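Computed from the coordinates by the stated procedures, all read-outs in this text should not be read as laboratory data. Just so it is clear, the model here is predicted, and its values are computed rather than measured. Neighbour counts run over all protein chains shown; Cβ positions are idealised from the backbone, glycine included.
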Amino acid sequence: MNNQTMTTYIGRMMDEFVQGGVKEAVVCPGSRSTPLAMLALAHQEINVHVLVDERSAAFYALGLAKANQKPVLLICTSGTAAANFYPAIVEAHYSRVPLIVLTADRPHELREVGAPQAIDQQFIFGKFVKWFTDLALPDKNEKMLRYVQTAAARAGYIAMQEPKGPVQVNVPLREPLLPDMSIDPFHREETDTKKIMGTGQAVPNEHMVSELASIIAHSRRGLIVAGELHMQEEQEAVLRLAKARNYPILADPLSQLRNGHESEMYIIDAYDSLLKDEELQQHLLPDLVIRFGPMPVSKPLFKWLEKHSEIEQIVVDAAGGFRDPGLTATYLIESHVGFFVNEVLNRVDKHEDTNYLNRWHDVNSSFRTHLAQYADEDLTFEGNVYRQLQHLLPKESVLFIGNSMPIRDVDTFFETQKKPLRMMANRGANGIDGVVSTALGTYAALKQPITLVIGDLSFYHDMNGLLSAKLMHIPLTVVLINNDGGGIFSFLPQASDEPYYEKLFGTPTGLNFEYASKLYGGTYSKPTTKQELHDQYMAHINEPGLHLIEIETDRHSRVGKHRQMMDEILREVKKEWLP
Ligand SMILES: Cc1ncc(C[n+]2csc(CCOP(=O)(O)OP(=O)(O)O)c2C)c(N)n1
Ligand SMILES: [Mg+2]
């Protein structure tokens with residue numbers, strides 16, 4: 001069969017993706033996408049991951065791209081396959097993850113005429129993709145090869161432009177669909193044009209930097225708030241600013257500042273608990289807030305900042321996004337973090353006064369000391385699970401954190417430590433979907449064992465994702481916090497509203513998760529003490545495949561115990577440190 005035209009055309013597109021920095025493709029099976037799948041696999045510089053379930057595949061691609069901050073190809077056939085990518089694309093949009101989605105499609109004459117497995121794929125992802133293009137059908141004309149090359153380069157470029165995010169290239173293909181592998185599909189003549197596109201960095205204007213530097217120079221109680229930060233250079237820039245100005249950093253777990261940095265003195269990790277108390281809120285009030293990254297997970301922090309709209313608040317964002325959910329920012333500045341910090345530090349002197357920093361530091365340490373006194377063997381108290389987990393995680397490994405209570409519990413119970421770790425979560429849209437798959441996708445990028453801590457409903461939501469742990473031999477330890485339902489809702493007012501509460505919000509499933517582990521060829525254990533958790537965690541760490549560690553907790557009694565403990569601790573902290 002002579003299908004060289006299509007082979008060259010799609011081959012040229014694949015090769016151009018590679019020129020643009022693509023190294024990974026996640027491929028879902030199907031017929032219409034045959035040339036996309038085969039030519040991705042044929043390209044020596046593309047690493048192909050095959051996942052059967054498109055919903056799970058898209059989250060896997062999201063995890064991969066999120067971990068290395070490079071564009072990943074996500075390929076599917078025509079029909080509802082593409083629709084199954086949707087939730088991951090929404091998450092990629094909000095968490096700014098670069099994905100290049102290639103959806104194979106019927107050629108134009110087979111659209112909207114009742115052809116099988118044909119749905120309208122035009123703009124199917126709506127405004128959640130930054131760019132959509134419906135490619136022309138393969139053509140061997142030299143100009144059309146330059147066209148497809150340009151489209152591919154452009155897709156990669158837009159995905160990587162700040163804010164990074166997903167793009168869709170819809171690829172119509174006419175039968176026959178089998179590429180001709182007897183030719184070199186990636187062959188280029190010396191004379192072929194190259195497309196080298198470089199994204200830039202946001203640089204704020206001189207006037208603005210001077211104005212902000214002057215505000216910073218005059219502040220006596222400056223406070224840094226750091227949300228999710230992926231790049232080490234951003235983390236280091238934030239630390240540089242803190243050191244030069246003696247500003248405390250309220251560091252979200254995803255800022256990566258709580259792990260593996262030397263400057264622990266500047267890192268405040270208990271603000272979520274401390275800011276629940278009104279007297280401490282007052283005691284810790286800043287005169288300036290500088291925020292980097294998205295808003296941290298902590299609700300008390302958010303409410304505190306919202307309440308104090310009189311405080312000057314600078315939000316620094318390379319994408320110039322409006323990451324200001326409290327609507328209280330006075331300055332929204334489009335700037336690369338490192339650039340902003342350097343420009344400011346060129347203009348302001350070192351701030352020697354450590355009073356405000358010490359104030360935070362004292363209450364933070366006091367809180368941690370008192371919290372530690374509540375530690376015991378009993379794993380039905382989540383605090384013991386997280387404390388033990390912090391201790392067990394191998395250095396340089398990945399902790400992927402489920403939404404709902406796990407991300408909040410990590411925020412509360414994980415202390416700043418010297419051990420380097422990467423903490424990740426899907427906080428773009430805070431979904432409880434796709435978490436298992438996203439965690440597995442990070443392995444392909446980081447090649448470090450993954451520990452996933454996740455609630456039972458979130459785990460149930462993405463059990464399909466477990467297949468890639470088995471098929472790709474990914475070392476995944478799942479610490480499943482099973483409180484049989486949605487524990488987070490017990491903290492809401494409807495918790496006392498029976499008969500509605502349990503049926504509509506608690507939603508117990510009563511599932512026996514041991515079978516899930518068996519289905520995917522994994523190991524299973526159910527520790528009840530810290531020692532057992534230690535032994536069972538260590539028994540399989542680094543071993544390929546799924547290792548499910550289920551911990552049974554009680555969402556009904558949790559809220560009361562948690563609130564009582566926090567009240568007691570905050571009372572002690574205040575006794576020690578408030579005038
Ligand atoms: C896709 C999706 N559906 C629904 C929700 C709303 N939701 C938030 S938390 C939650 C319960 C999660 O339960 P679980 O994973 O067991 O965690 P727990 O609250 O028990 O810690 C639900 C349904 C959501 N965030 N995302
Ligand atoms: Mg639960």
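Under Stokes-Einstein, with the Kirkwood radius over Cα pairs standing in for Rh, what whole-number D in µm²/s applies to segment 182-324 at 37 °C and 0.692 mPa s?
Value of D from the Cα-based Kirkwood radius: 189 µm²/s.
List the equivalent ellipsoid semi-axes of segment 24-166 in whole Å, largest first, each obtained as the square root of 5λ for an eigenvalue λ of the Cα gyration tensor.
22, 18, 16
Please go through the residue pairs K419/K561; K23/K194; K23/K195; K419/K470; K299/K561 and name each one whose alpha carbons sit more than 22 Å apart in this structure.
Pairs exceeding the cut-off: K419/K561; K419/K470.
Give me the angle, in degrees from 0 to 90, between the Cα long axis of helix 232-245 and the longest principal axis of the Cα atoms of the chain, rounded to the nearest 10.
Relative to the chain, helix 232-245 is tipped by roughly 30 degrees.
Just the ratio, please: alpha-carbon radius of gyration of segment 98-162 over 2.2 N^0.38 Å, N its number of residues.
1.26
What's the Cα-based Rg to Rh of segment 25-96, Rh via Kirkwood?
Result for segment 25-96 is an Rg/Rh of 0.96.
With just the Cα atoms of segment 254-410, tell me how far they stretch along each of the three principal axes, in Å, largest first.
51, 35, 31
In degrees from 0 to 90, rounded to the nearest 10, what is the angle of the helix 555-577 Cα long axis to the longest principal axis of the chain?
On a 0 to 90 degree scale, this one is about 50.
Counting C-alpha atoms alone, how compact is segment 380-420: give Rg to one decimal and Dmax as a whole number, in angstrom.
10.1, 28
In the neighborhood of P185, defined by Cβ-to-Cβ distances under 9 Å, what is the net charge if each Lys or Arg adds +1 and each Asp or Glu adds -1?
-2
Work out, in µm²/s and without decimals, the Stokes-Einstein translational diffusion coefficient of segment 78-136 at 20 °C, 1.002 mPa s, Rh from Kirkwood over C-alpha pairs.
174
Tell me which of T523, I75, L399 sits at the most positive position along the dipole axis of the chain, charges placed on C-beta atoms (Lys, Arg +1; Asp, Glu -1).
I75
Treating cross-link reach as a plain straight distance, find the lysines whose alpha-carbon is under 17 Å from the alpha-carbon of K303, omitting any fewer than eight places away in the same chain.
K276
Please report the base-10 log of the normalised intensity I(q)/I(0) for segment 343-458, using a Debye sum with one equal scatterer per alpha carbon and no solvent, at each q in 0.09, 0.14, 0.17, 0.19 (1/Å).
Listed by q, the Debye log ratios stand at -0.35, -0.74, -0.94, -1.04.
Given the C-alpha atoms of segment 301-385, compute the convex hull and give its volume per residue in Å³.
179
Can you tell me the 0 to 90 degree angle between the C-alpha axis of helix 382-392 and the longest principal axis of the chain, rounded to 10?
Relative to the chain, helix 382-392 is tipped by roughly 70 degrees.
Which order, highest average first, do 202-212, 297-307, 153-163 follow once you tally other Cβ atoms within 10 Å for each residue and take the mean per peptide?
153-163, 297-307, 202-212
In a shell of Cβ-Cβ distance under 12 Å around K447, excluding K447 itself, what net charge do Lys and Arg (+1) and Asp and Glu (-1) give?
Its environment carries a net charge of 0.
If you add up the charges near F513, with Lys and Arg at +1 and Asp and Glu at -1, over every other residue whose beta carbon is less than 14 angstrom from its beta carbon, what do you get?
-4
Give me the one-decimal Kirkwood hydrodynamic radius in Å for the chain, with the sum taken over alpha-carbon pairs.
25.5
Once Rh is set to the Kirkwood radius over Cα pairs, what Stokes-Einstein translational diffusion coefficient, in µm²/s, holds for segment 410-558 at a temperature of 20 °C and a viscosity of 1.002 mPa s?
After rounding, the answer is 131 µm²/s.
Would you kindly derive the ³J(HN,Hα) couplings of segment 18-29 from the backbone phi angles with the Karplus curve 6.51 cos²θ - 1.76 cosθ + 1.60 (θ = phi - 60°), listing them in order in whole Hz, with x for Gly and Pro?
Karplus values, whole Hz, x for Gly and Pro: 5, 4, x, x, 6, 10, 10, 10, 10, 10, 10, x.
Sorting W360, W131 on the 10 Å Cβ count, fewest up front, what's the list?
W131, W360
How would you rank 502-511, 346-355, highest first, on the average number of other Cβ atoms within 10 Å across their residues?
Going by the mean number of other Cβ atoms within 10 Å, highest first, we get 502-511, 346-355.
Treating segment 414-480 as a set of equal point scatterers at the Cα positions, no solvent, please give the Debye-formula log₁₀ I(q)/I(0) at q = 0.15, 0.21, 0.27, 0.28 Å⁻¹.
-0.48, -0.91, -1.32, -1.37
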